[in-house]
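Undergrad: Dropping a structure here in structure tokens format, bear with me for questions.
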Amino acid sequence: MPALFRSAFAGLALAAAVAMPALADGLKDEIAPTGKLRVAIAISPAGGAFWSTKTDAGYAGVPVDLGKAMAAQLGVPVEYVVHQNSGQITDAAGKGTWDVTWLPKDPERETKMMFGPIYEVADATYIVKPGSVVTNFATLDQPGIKVAAVNATTTMRGAIAHLKHATVTGYQTYDEIFGLLKSGEIDAFALSRDQLNKMAQKIPGTRVLDETFKKTVTAAAVPLGHSQALTFVTRFMTDATTNGTLRKAYDNNGMKDAPIRAE
């Protein structure tokens with residue numbers, strides 16, 4: 001190789017070596033500005049593709065496992081920032097309290113955060129209280145029927161749009177609604193079918209309706225303006241879907257029979 005080309009090649013290699021750490025540092029400054037990857041999670045007893053659970057050792061859930069794997073890839077510790085529901089995570093998006101999250105996506109949330117690939121598609125429906133005469137959407141959507149939803153969520157917005165006569169009320173926690181349904185103080189609860197099927201096992205006499213009123217899609221998200229973080233998160237989720245990381249997160253959290261419904 002001529003000396004001129006060797007010199008030029010060496011110069012390019014040196015420039016690349018200098019640029020790569022700078023790029024990595026820039027990404028870390030954006031996605032982990034505190035030196036930790038702060039993962040926003042929401043807690044319920046049921047778990048699932050979005051919800052996480054509190055355990056004796058800390059937290060468990062698909063977002064918990066994905067956050068841990070992402071932090072390891074970045075070379076930083078992980079910290080879980082706990083919320084009661086996805087609405088609270090959304091409200092905190094502009095406050096700088098979390099760096100990445102996994103939650104249901106809808107047009108309203110796209111004004112507050114940037115989304116990566118969808119990794120879960122769920123059917124939203126209703127569970128009715130023990131002894132209810134409600135058997136379908138038509139008998140549910142009647143004046144005087146009280147329907148609960150987790151406050152400020154995509155499912156709550158969907159239920160409000162779907163039901164023309166029944167009253168939809170938002171509550172902060174899954175646990176609160178669970179108690180109201182069990183005691184018969186509400187007539188129904190709107191949530192994803194997989195979550196409601198688990199609830200039905202714990203409250204005898206309840207029924208999950210067969211119909212679906214909304215498809216809820218769940219994806220990774222970062223705060224607005226974090227374009228480098230979004231590029232990294234998108235690549236991470238694309239790889240996680242193909243290299244088994246997402247499948248392992250499902251299997252570790254009681255979802256071995258659940259297919260990955262990515263888009």
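The values are calculated or read from the model by the stated rules, or taken from the named source; none is laboratory data. Computed from a prediction, not measured in an experiment: that's the story for all the values here. Please note: Cβ atoms are built from the backbone with ideal geometry, for glycine as well, and neighbour counts cover all protein chains shown. These area figures cover heavy atoms from the full protein model, side chains too; ligands, DNA and RNA do not enter into them. Shrake-Rupley method; radii C 1.70, N 1.55, O 1.52, S 1.80 Å.
Undergrad: Looking at (1) farther than 27 Å from R157 by Cα; (2) modelled with pLDDT under 95, which is the only condition N85 fails?
TA: (1)
Undergrad: Right, something else. Of all residues in region 140-176, which are without any contact (Cβ under 8 Å) to a residue 60 or more places away in the chain, open to solvent by 60 Å² or more (accessible area, probe 1.4 Å) and in contact with a strand residue (DSSP E or B) (Cβ under 9 Å, 6 or more places away or on another chain)?
TA: The answer is P143, G144, K146, R157, I160, A161, T167, E176.
Undergrad: Here's another thing I want to ask about it. From D194, D187, grab the single residue that is within 14 Å of T212 (Cβ to Cβ) and either loosely packed, with under 14 Cβ neighbours inside 10 Å or touching a strand residue (DSSP E or B) at 6+ places or on another chain (Cβ under 7 Å) (or both).
TA: None of the other options fit; the residue is D194.
Undergrad: For residues that are open to solvent by less than 10 Å² (accessible area, probe 1.4 Å) and hydroxyl-bearing (S, T, Y), scanning just region 37-73, find the one that is modelled with the lowest pLDDT.
TA: S44
Undergrad: Residue by residue through region 221-235, note down the ones that are in a helix (DSSP H, G or I) and small (G, A, S). So that I can check it myself, show each step before the final result.
TA: If we filter region 221-235 for residues that are in a helix (DSSP H, G or I), which is where we start, we get 227-235.
Scanning region 221-235 gives S227, A229.
Undergrad: Can I ask one more? Do the conditions hold for T125, that is, is it open to solvent by less than 30 Å² (accessible area, probe 1.4 Å) and in a helix (DSSP H, G or I)?
TA: No; evaluated as a whole, the condition is false for this residue.
Undergrad: State all residues of region 37-94 that are in contact (Cβ under 8 Å) with a residue 60 or more places away in the chain, aliphatic (A, V, I, L, M) and assigned to a loop (DSSP other than H, G, I, E, B); if no residue qualifies, say none.
TA: A46, A49, A93
Undergrad: Taking region 173-187 as the region of interest, how many residues are farther than 28 Å from K256 by Cα and either touching a Leu at 6+ places or on another chain (Cβ under 9 Å) or β-branched (V, I, T) (or both)?
TA: Qualifying residue count, region 173-187: 2.
Undergrad: In addition: For region 220-258, what are the residues that are open to solvent by less than 10 Å² (accessible area, probe 1.4 Å) and touching an Asp or Glu at 6+ places or on another chain (Cβ under 6 Å)?
TA: Scanning region 220-258 gives A229, A249.
Undergrad: Also, I was wondering about something else. Could you look through region 1-36, keep only residues that are modelled with pLDDT of 85 or more and outside any helix (DSSP H, G or I), and pick out the one that is surrounded by the most Cβ atoms within 10 Å (Cβ to Cβ)?
TA: Looking at residues that are modelled with pLDDT of 85 or more and outside any helix (DSSP H, G or I), I get A32.
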